[in-house]
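Shown next, in structure tokens, is the structure this report addresses.
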Amino acid sequence: MRIPTKEEILNWISANPTQTAKRDIAKAFGIKGAARIDLKRVLKELEAEGHLTKRKHSYRDPDKLPPVSVLEVAETGPDGDLYARPLEWQSEAEAPVILVITRASDPALGKGDRILGRLTEVSDDDHQYEARLIRRIGTNPKRVLGIFRKSTEGGRILPIDKGDGKEWYVPADHANGAKDGELVEAQQTGPRGRMGLPRAKIVERLGDPSAPKAVSLIAIHQHGIPDSFPDQVIAEADKAKPAPLGPREDMRDMPLVTIDPADARDHDDACWAHADDDPKNEGGHVVWVAIADVAHYVTPGSELDREAHKRGNSSYFPDRVVPMLPDRLSGDLCSLHEGVPRACIAVRMQLDSHGRKIGHRFVRGMMRSVASLNYAEVQEARDGNPNETCAPLMADIINPLYDAYEATKKARADRQPLDLDLPERKVELTPEGKVASILFRERLDAHRLIEEFMILANVAAAETLIAARAPQLFRIHEEPNREKLDALRETAQSAGFNLAKGQVLKTQHLNALLNAAAGTEDAELINISTLRSMTQAYYSPSNFGHFGLALQSYAHFTSPIRRYADLVVHRALVTAHGWGNDGLSPEGIERLEQTAAHISDTERRSMMAERDTTDRYLAAYLSERIGNEFTGKINGIAKFGVFVKMDETGADGLIPMRNLGREYFHYDPDTKILRGSDTGLTIGLGQRVTVRLTEAAPVTGGIALELLTLDGKPLPTGGQRGRGKPAKGKATKAKRKADKTKRKVSRRRR
């Protein structure tokens, strides 16, 4: 039986690119039985000579592409043509240029999109292949963050996520110049190969694992926050089209505006107010709040819904956001951009002259924002200095919003929600990812205005669903327990203030304490201690009220782009009003209890990751100032040391016991006081201190301090060292203990 020549085999493969398996070649040349061994030998020789490359069980010319290939859209030509590159090109020759031929029914493609394409070889001056889309396979290949360990054959990536035990193999030509010990981000390029490890290529070198640019990525992976969308989720989002007007109420002529931070990534709420023309409501106002209709796009049981439920909420970091929904929705179709028609669910609220809500109704509508404003420019305009954007909006939009807000301030004063004054830190980064400054966010009336209107809308949603006897998720904040209140009472008394005992606690009692401390040296201590006495807010299908806001019924309705709870409330409103078939499903109703528990957990997960990220950035910022002295105030005491909030940055540092002076200190857990064994010196909450920075570890976020002065006085000399000689790593151990304590007192969210 004659074995074909090498030239004959190559010609066959070239003419029949879809029939290149060994059995196809054998069948074509009539090779059977033992002759297959000789065919295998010839194919091996062609492979060794570089004329063929083996791909799974088939052979092909390494200088040609298979008829069906995975491609990545590389660029758009001057005439709008799309060009792609092959992802598995293994020849030493330059990769061929591929023109993507699109049809009207194909989804919009852009740079970085991955597609499965059917290729046809052509003879053209500017491209060698034409590709027709079979399907889009997504733009989010699996990624990993880890430490790169270099070897002679490339290297491996050791994931920092403890839950991801396997290493990743990186071929030498995919290492992207990474150095041994660098923190890298890589994406999977192929299935398990060498030694059973998945193949990957490094897409970004993040350098030193303790560098600022790596901080948020470490927190994301450590806390298990999903940061890439599965391909099927991306594909589903890409298919979404703008919602039609249909049966919706046409609100496009209503002058709604969005007011957000200047760096907002999405716009999910808009508002408008005007004087009420109802003669029965003299001096009253009408406030409209319109919210993005996410329920139209994210329907129960869809891939988008499953992924949004899994994430529970978006997570925000100084350098990035991990969204609950893909950008096609969160940054586009569901974002209330200026001048663009957008589907919404809106509530019209009627307020009396004292700002009390006396009526409301919900509509499913189509709106068009007349302006995308930020808090600072709106406040500047209200204060008499409008810019070009705000000037034309003053009479009909901005001033009426403030007029309605002034009325709500009266109702708020009567209701007496908890009024904490705790400045929020803002980390500002350079383009390179380093900390440029640590600022305290300015609190403007523009912020309070939007917050008050959103609270009113949330109350309206809860009340509407209660009246309809419809299942929903409430936002619950229970009153403090007795032990926490006793601790707050003791702290207040030690600072010379009083919190009445023996009565049903109301927010007005706590506000009286906060007002008494306002403007004093102990104001921050009392505010922090009051926050610590609060319980953690959570979600529940049962209504237990919201203690902090002094409200009987409260739900989250105003942020469905970034919170799954709000999406559930939107669906409940759809069902209650009979607006369509995209409301709460029977399965969703049955799972409300589990959903509430799950998204309460994901919210806490995001809070911890965001807090850890801020701590790491603060540590990175301070790491260049080791040995410097700072002033601050004691805001926590534990048996392993003293917490100090530093004035300049608001960073929390720990003074380990060994850095408290030259004597032993005894810890009294009841009074939260440390007492020196030799001098009788007492260290308690609220005392002013001067400290020296001894350690700032960006990887852990740990900040260790040494106590220099207490209430302006140097420490007395004791007979012994506080806890013996400093032990290596002691500050890090203390930081771990401190973290456990800090989790219990992390900022409560409404």
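Within region 35-101, which strands (runs of 3 or more DSSP E) (wholly inside it) include 3 or more residues that are surrounded by fewer than 15 Cβ atoms within 10 Å (Cβ to Cβ) and modelled with pLDDT under 80? Lay out the reasoning, then the answer.
On the way: elements: 53-55, 58-60, 68-76, 82-86, 98-101.
Of the strands (runs of 3 or more DSSP E) lying wholly inside region 35-101, those with at least 3 residues that are surrounded by fewer than 15 Cβ atoms within 10 Å (Cβ to Cβ) and modelled with pLDDT under 80 span 68-76.
List the number of the failed condition for Leu705; all other conditions in (1) at pLDDT 85 or above; (2) of a type outside the set (S, T, N, Q); (3) not in a strand (DSSP E or B) hold.
(3)
Which of the following residues is among the polar types (S, T, N, Q), crowded, with 24+ Cβ neighbours inside 10 Å and within 30 Å of Ser216 (Cβ to Cβ): Ser315, Ser302?
Among Ser315, Ser302, only Ser315 is among the polar types (S, T, N, Q), crowded, with 24+ Cβ neighbours inside 10 Å and within 30 Å of Ser216 (Cβ to Cβ).
Tell me, yes or no, whether region 432-446 has at least one residue that is of a type in the set (A, V, I, L, M) and at pLDDT 90 or above.
Yes.
Residue-by-condition table, conditions (1) assigned to a strand (DSSP E or B); (2) touching a Gly at 6+ places or on another chain (Cβ under 6 Å); (3) touching a residue at least 24 places away in the same chain (Cβ under 8 Å):
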| position | (1), (2), (3) |
| --- | --- |
| Ser353 | no, yes, yes |
| Gly365 | yes, no, yes |
| Val378 | no, no, yes |
| Leu420 | no, no, yes |
| Pro431 | no, no, no |
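Filter region 640-684 down to the residues that are open to solvent by 50 Å² or more (accessible area, probe 1.4 Å) and either within 34 Å of the chain's Cα centre (by Cα) or closer than 22 Å to Arg425 by Cβ (or both) and list them by number.
Result: Asp647, Glu648.
Tell me which helices (runs of 4 or more DSSP H) are completely within region 554-622 and hold 3 or more residues being buried (at least 19 other Cβ atoms within 10 Å of the Cβ) and under 21 Å from the mean Cα position of the chain (by Cα), or say none if there are none.
564-577, 592-622
Would you mind stating whether Asp268 is open to solvent by less than 10 Å² (accessible area, probe 1.4 Å), under 25 Å from Val340 (Cβ atoms) and either of a type in the set (Asp, Glu) or under 23 Å from the mean Cα position of the chain (by Cα) (or both)? It would help to see each step written out before you state the result.
Details: open to solvent by less than 10 Å² (accessible area, probe 1.4 Å): yes; under 25 Å from Val340 (Cβ atoms): yes; either of a type in the set (Asp, Glu) or under 23 Å from the mean Cα position of the chain (by Cα) (or both): yes.
When the stated conditions are applied, Asp268 passes them.
For region 146-224, give me every one of the strands (runs of 3 or more DSSP E) that falls completely inside it and has 3 or more residues that are modelled with pLDDT under 85 and open to solvent by 30 Å² or more (accessible area, probe 1.4 Å).
183-192
Sort out which residues of region 649-669 are assigned to a loop (DSSP other than H, G, I, E, B) and touching a residue at least 40 places away in the same chain (Cβ under 8 Å), and write them in order of number.
Thr649, Gly650, Ala651, Leu660, Gly661, Arg662, Glu663, Tyr664
Taking only pairs six or more apart or across chains, which ones have beta-carbon atoms under 7 Å, a first residue in region 677-706 that is touching a residue at least 40 places away in the same chain (Cβ under 8 Å) and at negative phi, and a second residue that is open to solvent by less than 10 Å² (accessible area, probe 1.4 Å) and assigned to a loop (DSSP other than H, G, I, E, B)?
Ser677/Glu663; Asp678/Glu663; Ile703/Ala651
Here is a list of conditions, (1) under 30 Å from Asp293 (Cα atoms); (2) touching a Lys or Arg at 6+ places or on another chain (Cβ under 8 Å), and Leu499 meets all of them except one; can you say which number that is?
Among (1) under 30 Å from Asp293 (Cα atoms); (2) touching a Lys or Arg at 6+ places or on another chain (Cβ under 8 Å), Leu499 violates only (1).
Which condition number does Ala696 fail, the rest of (1) part of a loop (DSSP other than H, G, I, E, B); (2) touching a helix residue (DSSP H, G or I) at 6+ places or on another chain (Cβ under 6 Å); (3) modelled with pLDDT of 50 or more being met?
Going through (1) part of a loop (DSSP other than H, G, I, E, B); (2) touching a helix residue (DSSP H, G or I) at 6+ places or on another chain (Cβ under 6 Å); (3) modelled with pLDDT of 50 or more one by one, Ala696 breaks only (1).
Out of region 623-636, which residues are among the hydroxyl-bearing types (Ser, Thr, Tyr) and either closer than 25 Å to Ile526 by Cβ or open to solvent by less than 40 Å² (accessible area, probe 1.4 Å) (or both)?
Selection gives Thr631 alone.
Give, as residue ranges, the strands (runs of 3 or more DSSP E) completely inside region 434-552 that count at least 1 residues that are crowded, with 17+ Cβ neighbours inside 10 Å and acidic (Asp, Glu). Break it down stepwise before answering.
On the way: elements: 435-440, 474-476, 538-540.
So the answer is none; nothing clears 1.
Cβ-Cβ below 8 Å, separation at least six or inter-chain, first residue in region 555-572 and of a type in the set (S, T, N, Q), second outside any loop (DSSP other than H, G, I, E, B) and open to solvent by 10 Å² or more (accessible area, probe 1.4 Å): which pairs?
Thr558/Asp269; Thr558/Met454; Ser559/Asp269
Surrounded by fewer than 17 Cβ atoms within 10 Å (Cβ to Cβ), more than 22 Å from the chain's Cα centre (by Cα) and among the small types (Gly, Ala, Ser): is that true of Ser353 in this structure? Walk me through it before giving the result.
Details: surrounded by fewer than 17 Cβ atoms within 10 Å (Cβ to Cβ): yes; more than 22 Å from the chain's Cα centre (by Cα): yes; among the small types (Gly, Ala, Ser): yes.
Yes; evaluated as a whole, the condition is true for this residue.
The values are calculated or read from the model by the stated rules, or taken from the named source; none is laboratory data. Computed from a prediction, not measured in an experiment: that's the story for all the values here. Cβ coordinates were reconstructed from backbone atoms using ideal geometry, including for glycine residues, and neighbour counts include every protein chain displayed. For accessibility, only protein heavy atoms count, side chains too; no ligands or nucleic acids. Shrake-Rupley method; radii C 1.70, N 1.55, O 1.52, S 1.80 Å.
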